[in-house]
1. Just tell me which lysines come within less than 29 Å, Cα to Cα, of LYS187; anything on the same chain fewer than 8 places away is out.
2. Check cross-link reach from LYS74 to the lysines: straight Cα distance under 20 Å, and skip same-chain residues fewer than eight apart.
3. Would you mind pulling out the separation of the Cα centroids of region 231-275 and region 28-79, in Å?
4. Quick one: if you stick a label point 7 Å off each Cα along the C-beta vector at ARG150 and PHE328, how many nm between them?
5. How large is ³J(HN,Hα) for each residue in region 305-318, as worked out from phi by the Karplus curve 6.51 cos²θ - 1.76 cosθ + 1.60 (θ = phi - 60°), to whole Hz, x for Gly and Pro?
6. Under a point-charge model restricted to the Cβ atoms of Lys and Arg (+1) and Asp and Glu (-1), what is the dipole moment magnitude of region 134-280 relative to its Cα centre, in debye to the nearest 20?
7. Quick check: from the Cα gyration tensor, does region 134-280 come out rounded (a/c under 1.5), prolate or oblate?
8. Let me spell out the model: positive unit charges on the Cβ of Lys and Arg, negative unit charges on the Cβ of Asp and Glu, origin at the Cα centre of the chain. What dipole size does that give, in debye rounded to 20?
Amino acid sequence: MSDAAFGPVLILGGYGSVGSRTARVLRRLHPKLPLVIAGRDSGKAQALADELGHAYAAPLDLERGDLGLLADLKPSVVLMAVRDLSLRTQRWAAAKGAAYVALSDGVFEIGPALAGFIRQSQAAPVVLLGHSMGAVPALAALHAAREFERVDAVEIGLVFDPADPLGTASQKDMDRIGAIGPASLLKSGGLWRWIGAPQAGRRVTGVDGREHEGLAVSLVDVFSLAQSGAPNLRVDFALGETASSRRGEAPSLEVITEVTGRRRDGRESRFRWELVDPDGYAALSAKGIAVVVEGLFGLAGKARPEGGLHLPETLVDTGHLMRRLGEFGIVMREV
């Protein structure tokens, strides 16, 4: 099926840092997939649409029930690159029969989206994608865990370089979660636990062997990692100069995955993988989001969903993700 056979992907807040990068990744992967860039600044939206081709700009007004969009717009996917506390966007997507991808919710914030899905559960798929980096770390960890017959623990450390600043929307998300969020959620000894200091802290070793002070975060990644069956799960953020910066190169984003357990070849230990995106956090996020959108079209190694509530691993085969990352020159290597 050609890209043009799909209904458009509507990106709300599409000219922002992550939204624009996601649009460009989608255009690279699917040259004729129709895209709609919606936002309050019509000039910025139009400029990006002109750059992309097979795209057009649309106004966006989150205060209106119709979002200020044309009545005849019928997207296949509504991608939230802007935060909407009213969830008018989710109701609008359901009324249009469009899949809805929520990018910003931490684990303690998903209640309203879940309630909205329950009320219209047959309308279209709803994807909880409040993961770090568009779920790339979680899906990559699940890919590594496929080599294990028993998984005892999955621990992910994300090293952010201070020279790679967060975009405006992402910074607001992190500030909000840090300000109002509860203790960090992880799984320990088979039990889900909310933890505070000092248990929330962990040292993360970067790709050059330097240690960084990390802190467990309450992102939806841990729900996806639960598919591994491991009784111990956690995701930690750390801030520190990355190996690329120390070499005088552009700042990168380092994903450190450690899986403890027994592999299918009989080896039993703690094993480590490293994944580095030299373009930084926003670029990696865009790649992950784009692959999840592929999953909604049935182009990521799994069947196209008719409806339902989804996490990215229900839409994306992890092997497909790894192949896509390879196309972008990103390889997860075991060390």
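Read-outs throughout are calculated quantities, based only on the coordinates presented, and are distinct from any laboratory measurement. The structure displayed is predicted, hence computed values, not measured ones. A quick note on method: Cβ atoms are made from the backbone with ideal geometry, for glycine too, and the neighbour counts reach across all protein chains shown.
1. Partners found: LYS172, LYS287, LYS302.
2. Hits, sequence-local ones excluded: LYS32, LYS96.
3. Cα centres, region 231-275 to region 28-79: 37 Å.
4. 3.6 nm
5. Going residue by residue, I get x, 7, x, x, 9, 10, 9, x, 5, 7, 10, 10, 6, 5 Hz, with x marking Gly and Pro.
6. 600 debye
7. Judged from the Cα gyration tensor, region 134-280 comes out oblate (a/c at least 1.5, b/c at or above a/b).
8. On the way: 38 positive and 39 negative charges, 117 e Å.
The dipole magnitude comes to about 560 debye.
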